[in-house]
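A.B. asks: What follows is a structure written as structure tokens; I'll ask about it next.
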Amino acid sequence: MIMEDQERTEKYNEDALRYSEYFKGKIQTISKVPVRSLDDFSIWYTPGVAAVSKKIASDPDLSFELTGRWNSIAILTDGTRVLGLGNIGPEAAMPVMEGKALIFNYLGGVNAIPVPIRVKSREEFVSVAKALEPSFGGINLEDIESPKCFFLLETLQKEMNIPVWHDDQLGTASITLAGVINALRVVGKKIDQVKVVFNGAGAANIAAAFLFKAAGFKMKNMILVDSKGILQPEREDIDSLMINNPWKYQLAIETNGERIKGDLSNAVEGADLLISAAKSGPDTIDSKVVKKMNKDAVVFVLANPIPEMWPEEAKENGARIVATGRSDFSNQINNSLVFPGVFRGVLDARAKGVNFDVMVAASYEIANFVEEPSEEKIVPTMEEWELYPRLASAVASKTVELGLARKNDSKEGFYRRAREIIEGNRNIYSKLMDLGLIKRMPNGEHKY
């Protein structure tokens, strides 16, 4: 299996390089208004455009109605933690951000603009993000090192009047919660009674712990484990955490009600859920630790490209449900199921922000999309595109309920709007391909 995976990955790498040279980028901007003659420029530009500018000057929120701001977001990164590549810089981050923009557009109908930036400090990053606010309806933070990413998200959410989202935190946390909701439905356990162990205390699991709290999980029943062991108030580095990573410090204080010490093996004793977002495997975790968990254990091993343990090994040692980050196993925990629909929703509602309550609503909408969850299916797949307008309508409605929306509508109204935009965008894309206006792959179609 490992050899097959390596060969497939090498093939993807070769094709990505060749096709990137051929297409020279994954996205472009094209005009959406008709130009019948040069006289139309007098409408779209000067002198006609002055009337539009004056209108917006009298009420800046009209920029959401009279310009493309309503459907535009920035994908903002400093390139300090790109995929599994680490700190490779903003230029090298651009191909990844373009790929993200493609997914935003294809699945959510969102005009996402990659904006890798060269900044030296988190304060400079905040300054750049705030300066960009008039151009966009939302900000997606991407591939930023921890704990800087926590500071940026918290600061920008407080200081900006558009939604700010960090997908490595919030997107991963949301789809993880959705999968857990359905996994617990399958095994017949209740949210407020289960013991949860998070292996790895980076952006994804720290955000997940706070999101789980918002969803009703008991903090005292959670344990986080990092490379130094279990988080708890008597750890030697607790004072350092308080200064350098207050989010991790807060979890060290509020979780682990029994004050268990030691490593992962100690943490999983009697646990119902193990959620790992740690180093790529397959031997990052000894699969035998699953034997220490309660009956009907649920195990999420989310490292890419190889999970911390192989799913079959987890099941051999007692796991009833296993999820990974890979598409070639059942139950792929993929944040691409989240961010296109979430941004479609906050943009359609002209939302001023997004918070944990919105994310809990999003997670339940994703979970409820799976009408009959089973051990082999606890989350939808990306092919089930009907999920995205449903998710968008749930998110938009929640922002209205919470007083975050500039635009009000019913859930059904938001659904119709989202479906129309997403379906229309996909139709345009298909038509451009049919007409050859989007070039075909140089070697013709192929599958792996």
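A.B. asks: Write out, first by first residue and then by second, each pair whose Cβ atoms fall under 6 Å of each other, whose residues are 6+ apart or on separate chains, and whose first residue, in region 70-87, is within 20 Å of residue 405 (Cβ to Cβ) while the second is open to solvent by less than 20 Å² (accessible area, probe 1.4 Å) and in a strand (DSSP E or B).
C.D. replies: Short answer, once both residue conditions are applied: 73/112; 73/138; 73/140.
A.B. asks: Sticking with this one: Looking at (1) part of a helix (DSSP H, G or I); (2) open to solvent by 100 Å² or more (accessible area, probe 1.4 Å), can you tell me which one residue 50 breaks?
C.D. replies: Only one criterion in (1) part of a helix (DSSP H, G or I); (2) open to solvent by 100 Å² or more (accessible area, probe 1.4 Å) is unmet by residue 50, namely (2).
A.B. asks: Continuing with the same structure: Could you figure out which of (1) among the aliphatic types (A, V, I, L, M); (2) under 30 Å from residue 411 (Cβ atoms); (3) free of Cβ contacts under 8 Å to residues at least 60 places away in the same chain isn't true of residue 337?
C.D. replies: Checking residue 337 against (1) among the aliphatic types (A, V, I, L, M); (2) under 30 Å from residue 411 (Cβ atoms); (3) free of Cβ contacts under 8 Å to residues at least 60 places away in the same chain, the one that fails is (3).
A.B. asks: Of all the residues that make up region 210-269, how many are free of Cβ contacts under 8 Å to residues at least 40 places away in the same chain and outside any helix (DSSP H, G or I)?
C.D. replies: Number satisfying all stated conditions: 26.
A.B. asks: Could you please let me know if residue 46 is farther than 24 Å from residue 113 by Cβ, within 27 Å of the chain's Cα centre (by Cα) and of a type outside the set (A, V, I, L, M)?
C.D. replies: Criteria not met by residue 46.
A.B. asks: What are the residues in region 280-290 that are outside any helix (DSSP H, G or I) and without any contact (Cβ under 8 Å) to a residue 40 or more places away in the chain, if any?
C.D. replies: Matches in region 280-290: 281, 283, 284, 286.
A.B. asks: Additional query: Within region 296-329, which residues are open to solvent by 50 Å² or more (accessible area, probe 1.4 Å) and part of a loop (DSSP other than H, G, I, E, B)?
C.D. replies: Across region 296-329, the qualifying residues are 304, 305, 327, 328.
A.B. asks: Can you pull out the residues in region 108-138 that are of a type in the set (A, V, I, L, M) and either surrounded by fewer than 22 Cβ atoms within 10 Å (Cβ to Cβ) or outside any helix (DSSP H, G or I) (or both)?
C.D. replies: 110, 112, 113, 115, 117, 119, 126, 128, 131, 132
A.B. asks: Please work out which residue is modelled with the lowest pLDDT, limiting yourself to region 23-42 and to residues that are open to solvent by less than 90 Å² (accessible area, probe 1.4 Å) and either in contact with a Lys or Arg (Cβ under 9 Å, 6 or more places away or on another chain) or among the hydrophobic types (A, V, I, L, M, F, W, C) (or both).
C.D. replies: Among them, the one singled out is 27.
A.B. asks: If you take the residues of region 263-284 that are among the hydroxyl-bearing types (Ser, Thr, Tyr) and surrounded by 16 or more Cβ atoms within 10 Å (Cβ to Cβ), which of them is nearest to residue 299 (Cα to Cα)?
C.D. replies: Filtering first and then ranking leaves 276.
A.B. asks: Looking at residue 416, is it in a helix (DSSP H, G or I), of a type outside the set (Asp, Glu), touching a residue at least 40 places away in the same chain (Cβ under 8 Å) and surrounded by fewer than 17 Cβ atoms within 10 Å (Cβ to Cβ)?
C.D. replies: Here the answer is no, as residue 416 does not meet what is asked.
A.B. asks: Identify all residues within region 176-209 that are open to solvent by less than 20 Å² (accessible area, probe 1.4 Å), farther than 21 Å from residue 166 by Cα and either charged (D, E, K, R) or assigned to a strand (DSSP E or B) (or both); write none if there are none.
C.D. replies: Of everything in region 176-209, those that are open to solvent by less than 20 Å² (accessible area, probe 1.4 Å), farther than 21 Å from residue 166 by Cα and either charged (D, E, K, R) or assigned to a strand (DSSP E or B) (or both) turn out to be 196, 197.
A.B. asks: For region 69-87, how many residues are open to solvent by less than 60 Å² (accessible area, probe 1.4 Å) and either assigned to a helix (DSSP H, G or I) or not hydroxyl-bearing (Ser, Thr, Tyr) (or both)?
C.D. replies: The qualifying residues number 11.
A.B. asks: For region 386-403, state whether one or more residues are more than 20 Å from residue 340 (Cα to Cα), crowded, with 16+ Cβ neighbours inside 10 Å, of a type outside the set (D, E, K, R) and touching a residue at least 60 places away in the same chain (Cβ under 8 Å).
C.D. replies: No; the residues of region 386-403 include none that is more than 20 Å from residue 340 (Cα to Cα), crowded, with 16+ Cβ neighbours inside 10 Å, of a type outside the set (D, E, K, R) and touching a residue at least 60 places away in the same chain (Cβ under 8 Å).
A.B. asks: Select from region 216-233 the residues that are farther than 14 Å from residue 195 by Cβ and open to solvent by 20 Å² or more (accessible area, probe 1.4 Å) and list them in ascending order.
C.D. replies: Once the filter is applied, which keeps residues that are farther than 14 Å from residue 195 by Cβ and open to solvent by 20 Å² or more (accessible area, probe 1.4 Å), region 216-233 yields 216, 226, 227, 228, 233.
A.B. asks: Among (1) within 22 Å of residue 168 (Cα to Cα); (2) more than 22 Å from the chain's Cα centre (by Cα); (3) crowded, with 23+ Cβ neighbours inside 10 Å, there is one condition residue 251 misses while meeting the rest; what is its number?
C.D. replies: (2) is the only condition that residue 251 fails.
A.B. asks: Let me ask something else about it. Take residue 66 and tell me if it is open to solvent by 40 Å² or more (accessible area, probe 1.4 Å) and on the phi > 0 side of the Ramachandran plot.
C.D. replies: Spelling it out, it is not the case that residue 66 is open to solvent by 40 Å² or more (accessible area, probe 1.4 Å) and on the phi > 0 side of the Ramachandran plot.
A.B. asks: May I pose another question? Scan region 139-171 for residues that are among the polar types (S, T, N, Q), modelled with pLDDT of 95 or more and outside any loop (DSSP other than H, G, I, E, B) and report the count.
C.D. replies: Looking only at that region, the number is 3.
The values are calculated or read from the model by the stated rules, or taken from the named source; none is laboratory data. This one's a predicted model, so the numbers in the text were calculated from it and none came from an experiment. Glycine gets a Cβ as well: all are built from the backbone with ideal geometry, and neighbour counts include every protein chain shown. The protein model used for the area step is the full one, side chains on, heavy atoms only, and it has no ligands, DNA or RNA in it. Shrake-Rupley method; radii C 1.70, N 1.55, O 1.52, S 1.80 Å.
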